[in-house]
Amino acid sequence: MDFKEYAPFAGLLIFGNIENLILASQGAVAGVNPIILGGLSLIAVIIWFLIGTYGTKVAIQYADYIEIIGGVAIILLGMQSMLEACGII
């Protein structure tokens with residue numbers, strides 16, 4: 001496996017995983033059943049792994065756009081998490 005193909009997506013991989021942890025912690029705080037939450041999280045990770053593995057060859061030409069859109073999504077979800085934690089929304 002050549003990891004150089006995934007280099008343009010390294011930021012999304014790192015920050016996307018951090019965001020997954022944030023969303024999982026929100027579910028835990030909200031009192032969601034941890035078994036269901038863990039199962040759904042694991043399913044989501046496997047699906048994204050498969051999409052990332054097989055979709056990289058197609059998506060590599062759009063890496064810059066994907067990086068921008070993913071970054072914006074991560075920032076917005078992080079802001080939402082912080083605002084909910086502060087009780088603003």
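The values are calculated or read from the model by the stated rules, or taken from the named source; none is laboratory data. Please read all numbers here as calculations on a predicted model, not as lab measurements. Please note: Cβ atoms are built from the backbone with ideal geometry, for glycine as well, and neighbour counts cover all protein chains shown. Note: areas computed on protein heavy atoms with side chains; ligands, DNA, RNA excluded. Shrake-Rupley method; radii C 1.70, N 1.55, O 1.52, S 1.80 Å.
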Notebook entry, point to check: Are any of the residues in the stretch 54-64 open to solvent by less than 60 Å² (accessible area, probe 1.4 Å), more than 11 Å from the chain's Cα centre (by Cα) and among the hydrophobic types (A, V, I, L, M, F, W, C)?
Noted result: yes
Next item on the list: Being modelled with pLDDT of 80 or more and of a type in the set (S, T, N, Q) is the filter here, so list the residues in the stretch 43-67 that pass it.
Entry: 61
Margin query: Would you confirm whether or not the stretch 33-46 contains a residue that is open to solvent by 80 Å² or more (accessible area, probe 1.4 Å) and in contact (Cβ under 8 Å) with a residue 40 or more places away in the chain?
Written below: no
Notebook entry, point to check: Is one or more of the residues making up the stretch 1-19 at pLDDT 80 or above and surrounded by 12 or more Cβ atoms within 10 Å (Cβ to Cβ)?
Noted result: no
Margin query: So, in the stretch 21-32, how many residues would count as being under 30 Å from residue 62 (Cα atoms) and open to solvent by 50 Å² or more (accessible area, probe 1.4 Å)?
Written below: 3
